[in-house]
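Asks: I am attaching a structure below and will ask some questions about it afterwards.
None of the figures in this text is laboratory data; all of them are computed from the coordinates on show. Please read all numbers here as calculations on a predicted model, not as lab measurements. Don't worry about glycine lacking a Cβ; one is built from the backbone with ideal geometry, like all the others, and counts go over all protein chains shown.
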Amino acid sequence: MTTHPLPPKHYVIGDSIAHGTAEALKWPGDYQDGRSYAIIAHTVIPHNLDVLVVSTLTNPQPKSHHDWLALEPSLVKIREGAGPKTKVVWILPSPKFRKERQVVIDFAHSHQDKIVSFVPGMDGIHPESYHHVATAVLASLSTA
């Protein structure tokens, strides 16, 4: 008799920040260091998730001036892939990326999604602590 694994209920997608967050949460996911938000927008998201955590915000490609303008269409595609019943938590980019942060904040609020932020580490881009990001994700899910 073949048993099939249960589909995940919690999932993380994105870039290197998603990678660290998924490891800290011990949740499955689809992430790759350096992955651009345009590529993440094409991630196949499992059906019937309870929670989707997304970090997709600091790697525009091709890298050019004002690439952040393409961020919102990528967020739309990701949100549509998550489905209407899935709670989505967006991990904000480092404060270094002011415009991108505001795009994500506005988008998340318009969809009543959750957002979490983090204190940047030495490189100014990645979190000082993925444990703190994971804790913030879980705390955001416990609030109404």
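Asks: For the chain, with only Lys/Arg (+1) and Asp/Glu (-1) charged at the beta-carbon, what is the dipole magnitude about the Cα centre, in debye rounded to 20?
Replies: The dipole magnitude comes to about 200 debye.
Asks: Take each of the peptides 106-112, 45-51, 14-20, 31-37, average the number of other beta-carbon atoms within 10 Å over its residues, and list them starting from the highest.
Replies: 14-20, 31-37, 45-51, 106-112
Asks: Run the count for the chain, please: Lys pairs, Cα-Cα under 27 angstrom, 8 or more apart or on different chains.
Replies: Total qualifying Lys-Lys pairs in the chain comes to 23.
Asks: What residue among 19, 43, 73 has its Cα farthest toward the positive end of the dipole of the chain, where the charges are +1 on Lys, Arg and -1 on Asp, Glu, each on the Cβ?
Replies: Toward the positive end, the furthest listed residue is 73.
Asks: Find how much the distance from residue 96 to residue 131 grows on full extension, using 0.36 nm per residue of separation minus their present alpha carbon separation; answer in nm with one decimal.
Replies: 10.5 nm
Asks: Here's something else I'd like to know. Pull out the extension gain between residue 26 and residue 70, defined as 0.36 nm times the separation in residues minus the alpha carbon to alpha carbon distance; nm, one decimal.
Replies: Contour length minus the Cα-Cα distance gives 12.8 nm.
Asks: Work out, step by step, the length gained on full extension between residue 143 and residue 123: first 0.36 nm times the residue separation, then minus their alpha carbon distance; give nm to one decimal.
Replies: 4.1 nm
Asks: Once the convex hull of the alpha carbons of segment 10-141 is built, what does its volume come to per residue, in cubic angstrom?
Replies: Normalising the Cα hull of segment 10-141 by residue number yields 91 Å³.
Asks: In nm, give the distance between the simple-model label positions of residue 110 and residue 50, each being 7 Å from the Cα along the Cα-to-Cβ direction.
Replies: Here the answer is 3.0 nm between the modelled labels.
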